[in-house]
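Input: a single structure, listed below in structure tokens.
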Amino acid sequence: MKIPKPTIKRLAIYYRCLDNMLSEGKEYVSSKELAERLKIKSSQVRKDLSYFGEFGKRGVGYNVKSLAAELKKIIGIDRRWRVVVVGAGNIGRAITNYPGLYKNRFDVIAVFDNDPHKIGLSAGVAGPIKPMEDLENVVKSKKVEIGVIAVPAEAAQEVADSLVKAGIKGIVNFAPVTINVPPEVVVEDVDITVSFKTLAYHLRRLGRSRR
């Protein structure tokens with residue numbers, strides 16, 4: 001069964017919400033309460049979860065700890081993932097040192113750049129910035145599966161090619177351009193400007209409705 005991409009994205013949001021509930025000491029939650037916290041319909045919550053089995057009990061709801069554990073397995077964060085970042089600029093450094101990645105079981109083990117002035121400088125938790133020539137060796141020897149592209153658009157495809165050649169199977173692309181990769185490589189595009197443009201669209205129409 002093919003799972004809709006929006007559903008997969010929401011699973012991560014459900015997990016985050018459940019994790020917060022665990023911190024609050026909450027034991028059970030209904031689909032209605034979960035939906036209200038996330039500002040979506042309860043029917044959407046039930047439909048999304050139904051793709052993966054039956055988790056709740058009628059009249060009781062979902063056991064928060066059990067559902068969180070199940071979603072952890074479904075999403076794939078019941079294990080740790082090794083990550084490399086290409087691009088030691090502001091975005092690359094911010095990603096590398098973002099505590100939320102480690103908390104969610106993603107370990108940035110190395111940062112690469114082709115600027116000789118950056119090689120050897122500290123990238124924070126990932127240690128010294130490495131030259132691109134070391135990428136393939138690090139990926140293969142450390143069994144890295146995820147790569148992050150944090151370079152300008154004009155360099156993104158070349159970096160993607162290098163990551164694929166090294167053996168990377170999943171890429172998070174922060175460059176504002178579409179990259180071409182083999183079918184077996186999964187790409188998740190993250191363009192911050194798209195979020196701002198979407199927000200601008202809604203704000204403009206909100207302003208019109210108030211005139």
For Tyr201: the one exception among (1) surrounded by 11 or more Cβ atoms within 10 Å (Cβ to Cβ); (2) more than 17 Å from Ile91 (Cα to Cα); (3) of a type in the set (Phe, Trp, Tyr): (1)
Tabulated pairs, the stretch 1-16, first assigned by TED's automatic domain parsing to the domain that holds Ile40 and surrounded by 13 or more Cβ atoms within 10 Å (Cβ to Cβ), second part of a loop (DSSP other than H, G, I, E, B) and among the hydrophobic types (A, V, I, L, M, F, W, C), C-beta under 8 angstrom, 6+ apart or interchain: Arg10/Ile40; Tyr15/Ile77
Sole residue being in contact with a helix residue (DSSP H, G or I) (Cβ under 7 Å, 6 or more places away or on another chain) and of a type in the set (Ser, Thr, Tyr), chosen from Ser162, Ser122: Ser162
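Just give me the residues in the stretch 143-198 being hydroxyl-bearing (Ser, Thr, Tyr) and either closer than 18 Å to Gly89 by Cα or under 17 Å from the mean Cα position of the chain (by Cα) (or both), in sequence order.
Here is the first cut: in the stretch 143-198, the ones hydroxyl-bearing (Ser, Thr, Tyr) are 162, 178, 193, 195, 198.
Once the filter is applied, which keeps residues that are hydroxyl-bearing (Ser, Thr, Tyr) and either closer than 18 Å to Gly89 by Cα or under 17 Å from the mean Cα position of the chain (by Cα) (or both), the stretch 143-198 yields Thr193, Ser195.
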Filter result for Arg82 (in contact with a helix residue (DSSP H, G or I) (Cβ under 9 Å, 6 or more places away or on another chain) and closer than 28 Å to Val144 by Cβ): yes
1 or more residues surrounded by 13 or more Cβ atoms within 10 Å (Cβ to Cβ) and in contact with a Cys (Cβ under 8 Å, 6 or more places away or on another chain): qualifying helices (runs of 4 or more DSSP H) within the stretch 30-139: 31-38
In the stretch 140-163, residue surrounded by the fewest Cβ atoms within 10 Å (Cβ to Cβ) [restricted to those that are in a loop (DSSP other than H, G, I, E, B) and in contact (Cβ under 8 Å) with a residue 24 or more places away in the chain]: Lys143
Near pairs, Cβ below 8 angstrom, 6+ apart or cross-chain, from the stretch 187-211 (among the charged types (D, E, K, R)) to any residue that is modelled with pLDDT of 90 or more: Glu188/Gly170; Glu188/Ile171; Glu188/Val172; Glu188/Asn173; Asp189/Asn173; Asp189/Thr178; Asp191/Phe174; Asp191/Pro176
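The values are calculated or read from the model by the stated rules, or taken from the named source; none is laboratory data. The shown structure was predicted, so the numbers you read here are calculated from the model rather than taken from an experiment. Glycine gets a Cβ as well: all are built from the backbone with ideal geometry, and neighbour counts include every protein chain shown.
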